[in-house]
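Okay, structure first, notes after.
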Amino acid sequence: MKTGAKMRSAVCSTEVMVIRAGNGDSVLRCGGVPMLAPDEAVEAVGVPEAGFDAGSVMGKRYVDTESGVEVLCVKPGAGSISADDRPLTLLVPKALPSSD
């Protein structure tokens, strides 16, 4: 996994762009199944596994603090994004200070 790489889910329509690859030891998953490169063929399309089926939201960043992986969701889907078996956390933007 490299910074700037695009990956897609094998079980739903989710697509992400890698913002930070982290330590490189983690496997990026969606719906509990390892994600694929955009040009990889899908042999069997299934459904997200239970516990990894909360979905992903387009335009949101997800982060794993343990491995340092950060991704941007560019296409939403039914599967949740995870690094190995750890679900990624939705990154909340920082509030800007008031200009008053």
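The values are calculated or read from the model by the stated rules, or taken from the named source; none is laboratory data. Given the structure is predicted, the values throughout are model-derived calculations rather than measurements. Heads up: the accessible areas ignore ligands, DNA and RNA and are worked out on the full protein's heavy atoms, side chains in. Shrake-Rupley method; radii C 1.70, N 1.55, O 1.52, S 1.80 Å.
Partners of K6 within straight-line reach, counting lysines whose Cα lies under 22 Å from its Cα and excluding those fewer than 8 residues away in the same chain: K60, K75. Solvent-free Debye calculation, one equal scatterer per alpha-carbon of the chain: log10 I(q)/I(0) at 0.20 Å⁻¹ equals -0.90. Between D39 and K2, full extension at 0.36 nm per residue minus the direct alpha carbon distance yields a gain of 11.8 nm.
Here the chain exposes an accessible surface that is 55 percent carbon and sulfur, computed with a 1.4 Å probe and the other protein chains kept in place. With all protein chains in place and ligands, DNA and RNA left out, the 1.4 Å accessible area ranks D85, D64, D39, D100 as D100, D39, D85, D64, largest first. At a probe radius of 1.4 angstrom, the accessible area of the chain per residue rounds to 61 square angstrom.
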